[in-house]
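The values are calculated or read from the model by the stated rules, or taken from the named source; none is laboratory data. Since we're looking at a predicted model, the values are computed, not measured. All Cβ positions, even for glycine, are placed from backbone atoms using ideal geometry, and neighbour counts span all protein chains on display. When the accessible area is computed, the model is the full protein with side chains, heavy atoms only, and any ligands, DNA or RNA have been set aside. Shrake-Rupley method; radii C 1.70, N 1.55, O 1.52, S 1.80 Å.
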Amino acid sequence: MRRLSTLVIIGVLTVPVLTGCTGEESAASTSTMLERALSRVAYAGETNLSVVFDYSAALAEFTGGEQVAEPPNYRELAGMGAGSIALMGEANEQLGIDLSAAEFAVTVGAPPTQYTLVAGGQDTTTIEERLGEWGWTADGELLTAPTDAAATDPDIGRHVLAMNRVAVSESDLVFGGGDADLSLVDGSTVLMDDERVARVADCLGEVAAAMINTVELWETSPMVGIGVRVPADGGERPRVVVCTSWGSEAEAVAYADRAHTELADGTSLSGRPYSELFDLPEAVTSDGSLASWESGTDLAMTVFIVWSTGALPGIILGCEQFNPAQLEAVGDSC
């Protein structure tokens, strides 16, 4: 099925176009933890980029590791960068893995080539020993999961797909699926070598958690970065940041127009007005082919949930998500 963005159905509303994130700012600023993470990993082989990151050390500091089921609930961001094992708490402990002790975690790609770097804080000697006890075997510098997952403890068995291949180095843990290339960590090329990735990362700033994806829309493939800024403390209202890189300045300006319109008057695919989810930004800024916006929200996970449903203000990912009126408006485009 062909894909398209709301570019084909949303009229243009003129909004202020301001200077956004610039190379001069990047050169003058200290590298963020996200930029440091992207300086250690590379594309996983897919056409489209997929990165999920969390600043584990910062989250552990201002949440205190507490599970709090009320706003702003930054704790829900913890483990995002190692999502394939983040919910396996007891089994992680059995294997000696402590995600809360990491400096950051970042996952690149999609299965089966997906891989994860848990940077820092790991007792890798213990991890190697525990994996060996549960059937992982040495394969050169790697550890390979047992082929018969049913022979392991059911909880440990859940790790077999996510951690089919494992490498450790000092206090870092790297793992991935059966086709993952773990040598992409600290290799000769890294994601920060990509100009678009570097610009989106610079725009996102110091974030507690973030996602960066390239997506196929109608006749264009933007790179979309979404994040939640590191707060001063765990009670601070979350600040959402969205940074999009387009194929041209015209596309960036058009997105800025659409996003501003939808943030004010649009409705998410769940039927809830965006104005109930995000504060209205003063403007959606545009700088060359980059367009971005910042906003406040009540829950730290809100922007990631909205993205996972397939629609961010100004972008709808597929024809199947249009309502009947929208489908009629786009006609044969879907």
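Table for the structure above
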item: Relative contact order (%) - criterion: Cα under 8 Å, at least six apart; region: the range 194-333; result: 22
item: Extension gain, residue 221 back to residue 275 (0.36 nm per residue minus Cα-Cα distance, nm); result: 16.8 nm
item: Distance in nm between pseudo-label sites at residue 36 and residue 147 (7 Å out along the Cβ direction from Cα); result: 4.2
item: Long-range amide H partners of residue 287 with built H, under 5 Å; result: 20
item: Under Karplus coefficients 6.51, -1.76 and 1.60, residue-wise ³J(HN,Hα) of the range 103-110 in Hz, glycine/proline x; result: 6, 7, 9, 9, 10, 10, x, 10
item: Environment charge of residue 302, counting only residues whose C-beta is closer than 12 Å and scoring Lys/Arg +1, Asp/Glu -1; result: -1
item: Rounded to whole Hz, the Karplus (6.51, -1.76, 1.60) HN-Hα couplings of the range 164-178, x for glycine and proline; result: 5, 10, 9, 9, 10, 8, 6, 10, 9, 10, 10, 8, x, x, x
item: Solvent exposure ordering (accessible area, 1.4 Å, most first) of 260, 159; result: 260, 159
item: For residue 115, residues with placed amide H under 5 Å, excluding near neighbours; result: 108
item: Sequence of 76, 46 from largest to smallest accessible area, 1.4 Å probe; result: 76, 46
item: Linear extension gain, residue 308 paired with residue 233, 0.36 nm per residue minus alpha-carbon span; result: 24.4 nm
item: Karplus 3J(HN,Hα) series, Hz, for the range 292-300 with 6.51 cos²θ - 1.76 cosθ + 1.60 (x for Gly, Pro); result: 8, 8, 10, 7, x, 8, 7, 10, 4
item: Label-point separation in nm, residue 46 to residue 181, each point 7 Å along Cα→Cβ; result: 1.6
item: Accessible area of the range 194-333 belonging to carbon and sulfur atoms, whole % at 1.4 Å probe; result: 49
item: Accessible area, probe 1.4 Å, largest first, for residues 33, 301; result: 301, 33
item: About the Cα centre, charge dipole magnitude for the range 194-333 (Lys/Arg +1, Asp/Glu -1 at Cβ), debye; result: 300
item: Around residue 41: net Lys/Arg minus Asp/Glu count, Cβ-Cβ under 13 Å; result: -4
item: Simple spin-label estimate for residue 265 and residue 213 in nanometres, 7 Å along Cα-Cβ; result: 2.8
